[in-house]
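Read-outs: derived from the displayed coordinates by stated rules, not from any lab. Computed from a prediction, not measured in an experiment: that's the story for all the values here. As a convention, Cβ positions derive from the backbone with ideal geometry for all residues, glycine included, and neighbour counts pool all protein chains shown.
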There are 2 protein chains.
Amino acid sequence: MIILKLGGSVITKKEATEPTADYENLDRIAKEIGESSCQKLIIIHGAGSYGHPFAKKYGIGDTSENREDLQRKKRGFCIIQDSVKTLNRIVCEHLRKYGILAVSLQPSSFIITRNTRIYYGNLNLIKKYLYLRFVPVLYGDVVLDLEESIKMAVLSGDQITRYLGEHLKPEKVILGSDVNGIYTKNPKKYPDAQLIDHVSSLDDLEFIEGATTADVTGGMGGKLLELIKLADLGIESEILNAAKPDLIKRALQGERIGTVIKVKEKKIKG
Amino acid sequence: MIILKLGGSVITKKEATEPTADYENLDRIAKEIGESSCQKLIIIHGAGSYGHPFAKKYGIGDTSENREDLQRKKRGFCIIQDSVKTLNRIVCEHLRKYGILAVSLQPSSFIITRNTRIYYGNLNLIKKYLYLRFVPVLYGDVVLDLEESIKMAVLSGDQITRYLGEHLKPEKVILGSDVNGIYTKNPKKYPDAQLIDHVSSLDDLEFIEGATTADVTGGMGGKLLELIKLADLGIESEILNAAKPDLIKRALQGERIGTVIKVKEKKIKG
């Protein structure tokens, strides 16, 4: 089984002020997934412009200042839940178009966090969908949080990816991003930035500038942290450029593309 | 806490060949719910023309004849899941418009059936949403079924209503239908049909013609059976005409309207 994460920056126009899907990318990627003939697959997608601007606006995951602020956050929660569901419908529609048996699974219906980290999420149903050869499609969502001071949290697709990876032990995790992988420097700024083939520990990251770029759910640094934790558990992952044609398809068919995150030598516990 | 079930025949144009919402009813009902100031509420809605025609077409819940038929049913499952979700989005949008903190809960994400009856569904999250004064909104959906021969099932809003009623012990259950309640005869056929004030047991039903009218998820007979089971557990319910203005609002404010289903005398076990 493979877990494929599709970044919000690939399937939406992330810089758009209004929620806007990138239909061109979505259609091409759905086609590639269909053509890959990958039999056992979970897809997780980010929220992009359907989630981040709202999450920021309403401060979901922050402590409420007062009763009024809490009420406002709750209204925001409802709006965001609806918005990311809209994107999920668009994604599933494209997947179905290419014969993929996409079944949507709404994180806010079965996952709860504690201090913004997943505390509980029953995965039996996902296993059952997989067993029947459906393709479960999850996504970045807002969820309830057990921490009394925040009550609600933004649950990123990356955290879901890590959680499912940890509990379902996939053959590999593919992270479809809008960059070719992990670079020695931010490639958007420095033309001499070099793509890193392998990352095997947190130490490899220290010199990476991009690792500190943050968005609401953590930039590339956050993604890498989740994947390194998976590597520690023996689960290999790769970050590749899903905006480039054919890479998703080739990765689903077994090729190693972009930056591979994998523990090289001794397994580090902790 | 009150559980309000909105029938698919009220919020959609049930006879339409294409999924069609009844926006007029939806808007008015959402407004009534908002005005009722009911603080603790769960809403469950039917699928109407967003679900029934597809469920019938693909034979979800029937035994698959062969591999091909199973594949077809699985495609149907994905299509129906998406269609009822679309209706749910429309419902939640209207609720939010009138200040209701509607949070969607997707049944196929956390409920599984066995022989078409709910076998498992973790309700902790619903309790948590209620505690935070959100209004959970569930709906008729397709779900996985543990029975190997059928694998998938149609889960009606009525069955969800009964399940939540049984486990969450609401003050009362309100069933918003397109008829005034239970009649001695089918009121659409017989002008001398009389509305029944109270139903207290299955025996009361024997002479009711409407009780045998079946749709995919069981007609009024199926609804009544679910509600009588609730009555046996001490939970009162009422069937009223949600297509008529103000009845939902008045019922949410405590009035008894339509047909009340309630065990009168001794409590029958079993």
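Comparing A:191, A:107, A:245 in a Gaussian network model of chain A, where Cα atoms under 10 Å apart are tied by springs, the biggest mean-square fluctuation is seen for A:191. Neighbouring Cβ atoms from other chains, within 10 Å of the Cβ of residues in A:121-128, number 3 on average. When chain B is treated as a GNM, springs tying every alpha-carbon pair under 10 Å, which of B:185, B:249, B:128 comes out with the largest mean-square fluctuation? The residue with the greatest mean-square fluctuation here is B:128. Within chain B, DSSP assigns beta bridges of which about 35% are antiparallel (rounded to the nearest 5).
Measuring between alpha carbons in the structure, the pairs from A:74/B:40; A:229/A:264; A:57/A:244 lying more than 24 angstrom apart are A:57/A:244.
Here the Gaussian network model covers chain A, with springs between Cα atoms less than 10 Å apart; of A:46, A:99, A:181, A:99 fluctuates the most.
Stick to Cα atoms and the Kirkwood definition of Rh, then tell me Rg/Rh for segment B:76-139.
1.01
3J(HN,Hα) along segment B:227-237, derived from phi through the Karplus expression 6.51 cos²θ - 1.76 cosθ + 1.60 where θ = phi - 60°, amounts to 6, 5, 4, 5, 4, 4, 8, x, 9, 7, 9 Hz, with x in place of Gly and Pro. For chain B, rounded, prolate or oblate, judged on the Cα gyration tensor with a ≥ b ≥ c (square roots of eigenvalues), a/c < 1.5 rounded, else prolate if a/b > b/c? The shape class here is rounded. For the protein assembly as shown, the ratio of Cα radius of gyration to the globular rule of thumb 2.2 N^0.38 Å stands at 1.03. Per residue of peptide B:78-89, the mean number of Cβ atoms on other chains within 10 Å of the residue Cβ is 4. Peptide B:103-113 has a mean of 6 when you count, residue by residue, the C-beta atoms of other protein chains within 10 Å of its C-beta. Rounded, prolate or oblate: which fits segment A:1-151, taking a ≥ b ≥ c as square roots of the Cα gyration tensor eigenvalues, rounded meaning a/c under 1.5, else prolate when a/b beats b/c? The shape class here is oblate. Excluding same-chain neighbours fewer than eight residues apart, the aspartates and glutamates reachable from residue B:249 by a Cα-Cα span under 14 Å are B:27, B:32, B:35, B:238. Placing a label point 7 Å from Cα along the Cα-to-Cβ direction at residue A:122 gives distances to the equivalent points in the other copies of 0.7 nm, listed shortest first. Straight Cα distances below 13 angstrom link residue B:188 to the aspartates and glutamates B:178, B:209, with same-chain residues fewer than 8 positions distant left out.
State whether segment A:113-201 is rounded, prolate or oblate according to the following rule on the C-alpha gyration tensor (a ≥ b ≥ c being the square roots of its eigenvalues): a/c under 1.5 gives rounded; otherwise a/b larger than b/c gives prolate, and the remaining case gives oblate.
It is oblate, given that a/c is not under 1.5 and a/b is not larger than b/c.
With the simple spin-label model, which puts each label point 7 Å out from Cα in the Cβ direction, the residue B:40 to residue A:198 separation comes to 5.8 nm. Per residue, the protein assembly as shown reaches -11000 deg cm²/dmol at 222 nm when only DSSP H runs of four or more residues are counted, each adding -39500 (n - 2.57).
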